[in-house]
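Before any comments, here is the structure.
A short reminder: the numbers here are calculations on the coordinates, not readings from a lab. The structure presented is a predicted model; accordingly, all values stated were derived computationally and were not measured. No Cβ is skipped: glycine too gets one built from the backbone with ideal geometry, and neighbour counts run over all protein chains shown.
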Amino acid sequence: MSISSKLNERCQGLCELCTTEVATHDYAVSPKNNDVIENEVALCDTCLVNIDAEEAGNHWQCLAGSIWNTEPSVQALTYRILYANKDKEWASEIMSSVELDETVITWAVSSFIKQAIHVDSNGTPLENGDTVVLTQVLNVKGANFMAPKGTVVRKIRLVPDNTDQIEGKVNEQTIVILTKFVRKSA
């Protein structure tokens, strides 16, 4: 299989994930399709085979470089693979080393979301990027502070595999907050 000339020009002939092997496949990052180059990633044979492999050994440690790629499709695919391996220390470290745009993260984890809906203490649906208010004082585990009732948490991130949890920044620290202790702000 060959890749389009525009994609080959963008990747300069190399795989956009490992950046060491020749790119031979154009890969559309679901749920988007390959109707535009912005949804595609140029992959080598090795990376393509390992995307769906249960165990890729140390191969995916190369993602420490591709997570910094400026192309959202490359960032999304990289984050998706890292998320699938999040229980491994190296993947967790790479994921925490970068702050990606919320739309890229949503795109990346879309394949893991099973139409679960996060709701606040009043049953109002929550979305990535919402602003919420704490409905009670929270003792932040692992930190030396308590988040007071009424604290505003902006640009929350939904925890994809747990509808009872969201992530947000309080006192410049990203913390996990139970949805039953927040209400959506208008």
Relative contact order in percent for the chain (Cα pairs under 8 Å, 6+ apart) equals 14
Per the chain: cysteines with no other Cys C-beta under 4.7 angstrom?
11, 47
Around residue 29, with a cut-off of 13 angstrom between Cβ atoms, what is the net charge of the other residues, counting Lys and Arg +1 and Asp and Glu -1?
-4
Diffusion constant of the range 132-184 at 4 °C, which comes from Stokes-Einstein with the Kirkwood Cα-pair radius and 1.567 mPa s, µm²/s
118
What's the FRET efficiency of residue 137 with residue 164 using the Cβ-Cβ distance as r and R₀ = 22 Å, to the nearest 0.05?
0.70
